[in-house]
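Reading through the structure tokens given below for one structure.
Nothing in this text is a laboratory measurement; each read-out follows from the coordinates by a stated rule. Keep in mind that this is a model prediction, so the values were computed, not measured. Every residue, glycine among them, receives a Cβ derived from its backbone with ideal geometry; neighbour counts consider all protein chains shown.
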Protein chains: 2
Amino acid sequence: MKTSLDCIPCFVRQALDAARHLSADMTFHERLLRDVLRWTSEMDLNHSPPVLGQRIHRHLRELTGNDDPYRQAKEDQNRMALELLPELEAMVASAADPLETAIRLAMAGNVIDLGAKSAVTPSQVRQSVQQALSEPFAGEAAALRQALSTAQSILYLADNAGEIVFDRLLIEQLSPPRVTLAVRGAPIINDATLADARATGLDALVAVIDNGSDAPGTVLEDCNEAFRRYYHEANLIIAKGQGNFETLSDAPDNIFFLFQAKCPVIAAHVGQPVGTHIMTRSTGPSGHNKETPHADD
Amino acid sequence: MKTSLDCIPCFVRQALDAARHLSADMTFHERLLRDVLRWTSEMDLNHSPPVLGQRIHRHLRELTGNDDPYRQAKEDQNRMALELLPELEAMVASAADPLETAIRLAMAGNVIDLGAKSAVTPSQVRQSVQQALSEPFAGEAAALRQALSTAQSILYLADNAGEIVFDRLLIEQLSPPRVTLAVRGAPIINDATLADARATGLDALVAVIDNGSDAPGTVLEDCNEAFRRYYHEANLIIAKGQGNFETLSDAPDNIFFLFQAKCPVIAAHVGQPVGTHIMTRSTGPSGHNKETPHADD
């Protein structure tokens, strides 16, 4: 997906947010913002939004020498989500359809996104949970169940810190031994890295790899070889968040995307109102020869 | 009020909106946006947001030669509001307190603002009316009633097209012969000009002047001498909209501001949530010797 002109004001806002995470000095915020405006005026919009976000945030980190401005925010988000975990686990345990509830909760957790918004409060997270549990469950649910019934290997692409605690609920429903969880290779906004997978205990449940990239999405040519091998060999990929959708939605692979549509550009792309939880598939021809045969084939 | 760094992403979004009002050519939108980004990177933030908005929109008009990109939008908004007028008039006529209802409706009309948002739908306008009619009526209502009871001359500073139809309801409650309505001196975003006052019949109800300026607010040093005379001689000024608040909130004059707080910067400034309808006064010492004596003095 190319970058829309509507993404530009959002990049500028993101840069200002990042500046505030980096320092309390308002002169510094202004200098950084002016620099990003100049820089943004020359961006190549043929790239996807995560590629441009990656460049902007790299540039901010170079300017400041701080390689993880959202560290504190991510720790707070992991803690907030872990506090909710027992309640969320009880919802899945008591559900008539635990898989469906876990999918809904995984989508709900995608609200914890500091790329699309400047802050996320516990009450917004609770509201997202309530909304995800009560929204019509359309999308590709039957196709996902079918794919899950036969997949021998599943690659789960995480999105944000905090959110990965919600992902835990879904991964538990997927028979964890066949699942590999992939996180970003380096800090970018509040996206989950190995540190977050460890802080939330995901590494004790499932194999965790990092993709080697600091893009807030999955830019395959920027990922390490190990990740690319998992990506190409997996029978099924579950990808969380707008960034993974923006970078992989056209991919010719068997990918199911779960996210909340948080901006007008993405909402228009999927034909749903802003705020809707979305389950959709990549538009490319799926699976090739790596897809396992259906049970009824 | 100085410009906040948080205003910058909003200026960028505004410029993109304006580009789309100017042309359907996406290459043109991109060129304009890149130009505005470069240009914004060098702005002097000591000015108020309307001064910077004025400069950005002047620059866009210079680049394109189109001096009124929002003409069609303003005509549509005037028409939409005129269609609502009989219903709104009935609300005032049947109200226990017609002045209060007219003030509430005048605040509700301020939702028709293409500076703060990219578009305004009739359903948003109806929602704003319902909200304004049911919100707690706090602010400076008693002080405004007191000021109205003695003022011999009232200057009413309009804000947007469409919105001025709502202003009509309040002006009718103010004894129109003592009221002068001031509009912008030249097109800027969807702010009301003489053309809009005429199109909505306000000129038949009340004396209308233009302030000689193309700022989306009231920048006194940029206004013409006739306007400044009205401004300084009025016993009472009613100023609609965020732009007039941003430019006059610190003025040492007897000004009552009525608007909807549409952005986080203004909402934080007045200490209310985004979306709240606000009635507040200028912070300077009010009135000087031009204020008429109170009835009980």
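Points to keep in mind about this one:
- Rg over Rh for the protein assembly as shown works out to 1.04, using Cα positions for both radii and the Kirkwood form for Rh.
- Beta bridges by DSSP in the range A:147-297, antiparallel share as percent, to the nearest 5: 25
- Shielding value for B:234-242 is 0, the average number of Cβ atoms from other chains within 10 Å of each residue's Cβ.
- In nm, spacing of pseudo-spin labels at B:Gln72 and A:Phe28 (7 Å Cα→C-beta vector): 4.7
- Peptides B:12-20, A:175-183, B:239-247 ranked from most to least packed, by the mean per-residue count of other Cβ atoms within 10 Å: B:239-247, B:12-20, A:175-183.
- Sorting the segments B:35-47, A:117-129 by their mean number of nearby beta carbons within 10 angstrom, highest to lowest, gives B:35-47, A:117-129.
- Reachable lysines, given that their alpha-carbon falls under 21 Å from the alpha-carbon of B:Lys117 and they are not under 8 places away in the same chain: A:Lys117, A:Lys262, B:Lys2, B:Lys74, B:Lys240, B:Lys262
- Rounded Å value of the spacing that divides the Cα centres of the range A:95-119 and the range A:202-277: 14
- Relative to the other identical copies, A:Asn46 shows label-point distances of 4.4 nm, where the label point lies 7 Å from Cα along the Cβ direction and values run shortest first.
- Per-residue average of Cβ from other chains inside 10 Å of A:176-185: 0
- Spatial extent of chain B: Rg and Dmax, with the Cα atoms as the point set, Å: 18.3, 65
- Range of Cα positions in the range B:163-284 per principal axis (Å), largest first: 38, 28, 27
- Rg of the Cα atoms in the range A:117-175, relative to 2.2 N^0.38 Å, amounts to 1.35.
- Selected from A:Leu85, A:Leu157, A:Leu114 as most flexible by GNM, with chain A as the system and alpha-carbon contacts under 10 Å: A:Leu85
- Rounded, prolate or oblate (a/c below 1.5 giving rounded, otherwise prolate when a/b exceeds b/c) for the range A:141-199 by Cα gyration tensor: prolate
- Dividing the helix sum by the residues of chain A, where each DSSP H run of 4 or more adds -39500 (n - 2.57), gives a mean residue ellipticity at 222 nm of -15500 deg cm²/dmol.
- Under-5 Å amide H pairs with A:Ile209, H placed in peptide plane, nonlocal only: A:Leu181, A:Ala182, A:Val183
- Sequence-distant residues sharing a close amide H with B:Ala239 (under 5 Å, placed H): B:Leu157, B:Phe256, B:Phe257, B:Leu258
- Nm distances between copies for B:Pro177, ranked from closest, using label points 7 Å along Cα→Cβ: 9.4
- For the range B:1-116, the square roots a ≥ b ≥ c of the C-alpha gyration tensor eigenvalues yield an a/c of 1.5 or more together with a/b not exceeding b/c, which makes the shape oblate.
- Bridge type composition, the protein assembly as shown - antiparallel percent by DSSP, nearest 5: 25
- Chain B, relative contact order [Cα under 8 Å, separation at least 6], %: 19
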